[in-house]
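The block underneath contains the structure these notes are about, expressed in structure tokens.
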Amino acid sequence: MEWVAALLLFVFMCGLLNLMLPQPPASRWRRGVQALAGRLARRLRRRTVPEPDPFDTLRLQTRLGHLAGEIRRIETAPGVYARAHRLMAVEAAYDDLLDEACRLAGIPTEAELKRGEEKRWREEQELASRGWSW
């Protein structure tokens, strides 16, 4: 037990001596080791994923609802000029918003599916199962 106390006293004295003596300039080897340790620490450090802002989610849901209503209006209105062009443009915007909503909700995207009814339906079902409504 006495040897533990002597060891602790020795380490304490070495620490005090290190504080009292002037520090030598850092060598190239020491700077390299410090840089390597810093890179390793940054790589191993856990990256926290920030929680999505609920107001961004609400804005996105509101915009999805607006575009879904616009699609229904274009499909049902008999006298819409350039109906096909407008419908394609609104559906493309809707698909982009669905992709962004899936990213916010943490839903993995299926890259092999092309844009269309099947992908849109799957994304809407996944979002609805996670409590999204628009």
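The values are calculated or read from the model by the stated rules, or taken from the named source; none is laboratory data. Predicted, not measured: the structure shown is a model, and the values here were computed from it. FYI the Cβ positions are ideal-geometry reconstructions off the backbone, even for glycines, and counts take in every protein chain you see.
Assorted remarks:
- Tally of residues being in a helix (DSSP H, G or I) and surrounded by 10 or more Cβ atoms within 10 Å (Cβ to Cβ) across segment 74-84: 3
- For segment 87-108, taking the residues that are under 24 Å from the mean Cα position of the chain (by Cα) and without any contact (Cβ under 8 Å) to a residue 12 or more places away in the chain, the one that is farthest from Pro50 (Cα to Cα) is identified as Asp96.
- Pick from segment 19-38, criterion charged (D, E, K, R) and either surrounded by 10 or more Cβ atoms within 10 Å (Cβ to Cβ) or not in a helix (DSSP H, G or I) (or both), ranking: modelled with the lowest pLDDT: Arg30
- Among the candidates Ala84, Ala37, Ala68, residue that is in contact (Cβ under 8 Å) with a residue 60 or more places away in the chain and on the phi < 0 side of the Ramachandran plot: Ala68
- Breaking point among (1) surrounded by 14 or more Cβ atoms within 10 Å (Cβ to Cβ); (2) of a type in the set (A, V, I, L, M, F, W, C); (3) farther than 19 Å from Arg59 by Cα, for Met88: (1)
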